[in-house]
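Peer 1: Sharing a structure, written as structure tokens. Questions coming.
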Amino acid sequence: MSSRSSSPGRAAFGSSSFGGAPRNSSGGSTPRSNSNQRSRPTSARPSTHRPASAAATAQPERSATKRSVLSSAKEDTKADGRVRVAVRLRPMLEAEIKAVGDAPPTIEIEPEVKRVLVKRDHWDSDSYQFDMAFPESTSQRRVFEEFCQPVVESCMKGYNGTVMAYGQTGTGKTHTLGNLGLTDPSQRGIVVRSLDHILATAEADQEGKYEVSLSYLQLYMETVLDLLQPDKDGLNITEDPSTGEVLCSGAKVVVISSTADLINLLSVGENNRVVANQKLNATSSRSHSVLLVTIRRLPADTSSMGLTQSVTATRGKLLLVDLAGSERISKSGSEGQMLEEAKFINLSLTALGKCINALSDSTPGHIPYRDSKLTRILKDSFGGSAKTSLIITVSPLKTHLSETASTLAFGQRAIKIENNTRIREEVDLKLLNRRLQAELDNINISYERQTTQITEGEAKLAQVSATIEGIEKQKAGVEKQLLADREAAQRTLDDLRKESAAAVAKVKSELEGVISQEKQAFQQELEKKNQEIGQLRTGANEELQKQSSTASKQIQMLQESNIEIKAQLAAKDASLFELQKHVQSQGDVKGAAVADARKEMSHLMEKLAQQHKQHEEEMERQRVVLQAAEGANKSLKEENQRLMGQLEAAVSANDPASPAEGPDPGAKGKKKFWKFPGSGSRSSVKMNGQEGFPAVGSTPPPEGSSTPDSASGSRGTWTQHRDAVSAVSKLFEHVGLTTVFGLLKYDDRDVRLHAVKVIANLAAEEENQVNIVQEGGLEALFDLLQTCTDEMTLRVAAGAVANLAMSEQNQHRIVEEGGLELLVKLSTSAVDSQTQRMIAGAIANLCGNATILDRLQASGSLQVLVNLTNSEQVDVLSQVARGFANNSKCTKGKTHLVELGALPAILNLASKTTVPTVRKHAMLALCQIASCEVNVAAIKSSGALDMLTEIANAEWDEFKSMASTVTISGKRSGVAFPKMLKA
Ligand SMILES: Nc1ncnc2c1ncn2[C@@H]1O[C@H](COP(=O)(O)OP(=O)(O)OP(=O)(O)O)[C@@H](O)[C@H]1O
């Protein structure tokens, strides 16, 4: 209620002013006249009028027992006896928000204090108090639960009730009441929610059976239309005179059992309403729609009901009314049909207002229900014995302020109605009697059944007890048996474990036995194999030894044969010598002896030819092997090594001695060299006063072989040997010397060494010397001397050069190719005495050539000889002394040796050395030097005179022997000079 109309009187309802602005209770003054009562903040506002008197007179419900069934109903005891009024503010629609912008709201809802403020301007506002005030944000659900649910539940208890929406067009009446919420269940309105609630409650109620039926009516211009039968003409509204129940005869009543039924029905009704409106040229807002819900409740099952239970059936009626728009005609400016409609609307709403006015009067008299069809339909459900909730909807727009105020004033008047609610009950005595009889019968039957059940139960109990006892016994027996079984199983398990352990042990021991047997067998087999291998090895060794001994024997035989031949040769030589001597001495005895000797010679020659043939065959075989090896070219190195070995063997085989290793510096005393006439203990090959180095590593000749010591026998033996060597040389003609020279360039030291040995051996033979040089051997050797660092190889190479230097023809080549310089250079690094011996030997041989004396001096070769006089090795000193002798012999005039100051060294060799060869050569050198007058002074100053005197005084034969041994010129000139000195 408005603060300005805090005591609205009945006068406010006038026939023409229904829906108009609220009137002041004091009569004529309008709210504006009270404008000095400015709106203040809510807390400061004067307290609004509450319908306390109406609440105080509210009657308690008569049927207290029913409350237990519908316990969820919210009761407002104060408002029970009157129309409950709520106001709901519609939210601004989108178009309205755009139009209004952010203008301050005109209507303000204060839900806490259930109040509506209508702001006229910034300072002035009207305040209206209601039972509830819903702001624009209020949900449909809350509107239903807080405001409508109590009416619905009271109808389910048998009361009549009405929920009615009243308000200006477009303020949300249909939304609040009739929204079906098809797309959004949260938008479902009061109609759907009410029916939902009724059906759910009916389903939950175990004690009652419900029948819910509907009729859907429309009131348009005082005509009642059935929306479920659109073709039907207007219906009549009648009233049962005995009960006062309003009846709408002819209206279709449809029983529903689900919300889906309801939705279908309402959809049909809505469609029909559209059709009807089109037919009537009406709009929804111009007509009232009434949904009439009848709820009949019967006791659920008569037969099972107790005496205390109710036997009454109830029937409640709920009217859900969506009223036409309440706007004033003047404002809507209606005319024609619209005007007519407005009049009828106003008629019905005015009639409603009048009824409300009359009902709200504390001493109600005549209620003008009959004034309109609307009020006639509402008569038994509105006011009086019915519960009524009126929700008034208002627009938030300022432009609708006047209509809003009018609507709110209508609500304020309605809130004054005091209801006299009365439950509608029908008591059916016959039914009651029948129900009581049935109840009694049921009780008797139940008693009998229970007695029988007890007896049967006791018997069963005894039976069960016996069974339990038996089971207990069985259980004890089973437990005992179980125990015994478990023990037996345990024993069996133990036995099994023992058995399995024994079995495992047995299998293990068997396996071990098998393994051990196999191991033993394997070891035996192994030993057997080892024995077999040992036997095989022994056999192989024996076989090897046998073969080796056979080979040794063959060699031995060959050697023996050689010895024999040589012995025969020596003997024949001797006999020939004797024969010649004899021939010479006898002068005339040639005859048969010579013939015999020749015969013998020819026999020997044949033997030699045979031997040569054998050698040639052997050489041929070697050549084939060599060619095969070269042709295959698979392993040149090994093949060449083998070839060298074979070649050396061949050389040795041709030599009277057997093959041996290379020159051994320590061979002195172990191996003897060939002895040549006058050469003393150490041998050398002599040629024209030169000395060569024989086949390297020669072994001594066999015992008893003839030695060429005697001048008479040397020629034949030498020839024989030379022939043999010549055969070997031929072998090289096959092999090709250049091949051997090529081997000197090998990286492998052994190959080089073998090759140079072969060359050295070949070079020891006069026949080969020129050939070797012509074939390029000198260059190969010099190349080796320049590049090689292995002293053994260098030593053999120097020996080879020494041998080649025996040939006068070679001596110039050696000097021209720089051989002297190479020897001098080698002497600086040579530490081994044998290498020194080879160097000294080579120089000594070259010293015998008078045409190269200056080169000997210039290259430092003579100095090398002088230096080597310091050596303690006889081999070396021997070559040095020989070099001095050769050099002095060739020199006609002042010798370079004197220039070098070598006289003391020579004197030293001649006087102090005990080795005869050395002494003799030194003495000979002194003699040669002394034989030239230019040297006499030097001889004298060197102190050599004594030595020369000593030589002169010596036994002539001794010196003679010495002189003849050192055969250089074969003359006695060296002997004559001492004689001169002596004289
Ligand atoms: N509480 C609300 N929340 C949201 N929208 C609403 C609300 N109330 C009304 N509306 C909207 O306002 C518009 C008018 O509502 P509605 O048709 O229910 O008014 P009405 O009073 O029934 O009009 P009429 O008298 O012409 O039938 C509708 O679009 C409706 O959806």
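Peer 1: Using only the Cα atoms of segment 489-565, what are the Rg and Dmax in Å?
Peer 2: Spelled out, the Cα radius of gyration and Dmax of segment 489-565 are 32.2, 110 Å.
Peer 1: Given H placed on each backbone N at 1.01 Å, which residues far from R120 in sequence or on other chains put an amide H within less than 5 Å of it?
Peer 2: S125, D126
Peer 1: Give a residue-ordered list of calculated ³J(HN,Hα) values for segment 816-821 (Karplus: 6.51 cos²θ - 1.76 cosθ + 1.60, θ = phi - 60°; whole Hz; x for Gly, Pro).
Peer 2: 4, 7, x, x, 4, 4
Peer 1: Determine ³J(HN,Hα), in whole Hz, for all residues of segment 450-459 in sequence, where each value follows from phi through the Karplus function 6.51 cos²θ - 1.76 cosθ + 1.60 and θ = phi - 60°; x replaces Gly and Pro.
Peer 2: 5, 4, 4, 4, 5, 4, 4, x, 5, 4
Peer 1: Please give the peptides 107-119, 341-353 ranked by average Cβ packing (other Cβ atoms within 10 Å per residue), highest first, as a rough proxy for protection. Before the final figure, lay out each step's value.
Peer 2: Values: 107-119: 18.9, 341-353: 23.2.
Those peptides, ordered most packed to least, come out 341-353, 107-119.
Peer 1: Could you tell me which trypsin sites (Lys or Arg not before Pro) in segment 874-911 are loop residues by DSSP with no more than 15 other beta carbons within 10 angstrom of their beta carbon?
Peer 2: Passing sites in segment 874-911 are K892, K894.
Peer 1: Rounded to the nearest angstrom and ordered from largest down, what semi-axes does the equivalent ellipsoid of segment 81-174 get from its C-alpha gyration tensor (root of 5λ)?
Peer 2: Values: eigenvalues 167, 49, 23 Å².
Rounded to whole Å, the semi-axes are 29, 16, 11.
Peer 1: Using amide H atoms built 1.01 Å from N in the peptide plane, name the residues 5+ places from L247, or on other chains, whose amide H lies under 5 Å from its own.
Peer 2: Long-range HN contacts for L247: T238, E239, D240.
Peer 1: Give me a comma-separated list of calculated 3J(HN,Hα) values for segment 899-911, in order, Karplus coefficients 6.51, -1.76, 1.60 applied at θ = phi - 60°, integers in Hz, x for any Gly or Pro.
Peer 2: For segment 899-911, the Karplus-derived couplings read 4, 6, x, 8, 3, x, 5, 5, 4, 4, 4, 6, 9 Hz, x marking Gly and Pro.
Peer 1: While we're on this one: Given H placed 1.01 Å from N in the peptide plane, which residues other than close sequence neighbours of K894 have an amide H under 5 Å from its amide H?
Peer 2: Residues meeting the amide H criterion: none.
Peer 1: Obtain the nm distance between the two label points defined at V113 and A574 by a simple spin-label model: each point lies 7 Å from its Cα along the Cα-to-C-beta direction.
Peer 2: Between V113 and A574, the label points sit 17.6 nm apart.
Peer 1: Only residues of segment 100-122 count here: report those whose backbone N is under 14 Å from the spot 7 Å along Cα→Cβ of M92, or say none.
Peer 2: So the set is 100-108.
Quick note: the coordinates plus some simple rules give every number you see, no bench work behind them. Note that this is a predicted model, so its numbers are computed, not measured. FYI the Cβ positions are ideal-geometry reconstructions off the backbone, even for glycines, and counts take in every protein chain you see.
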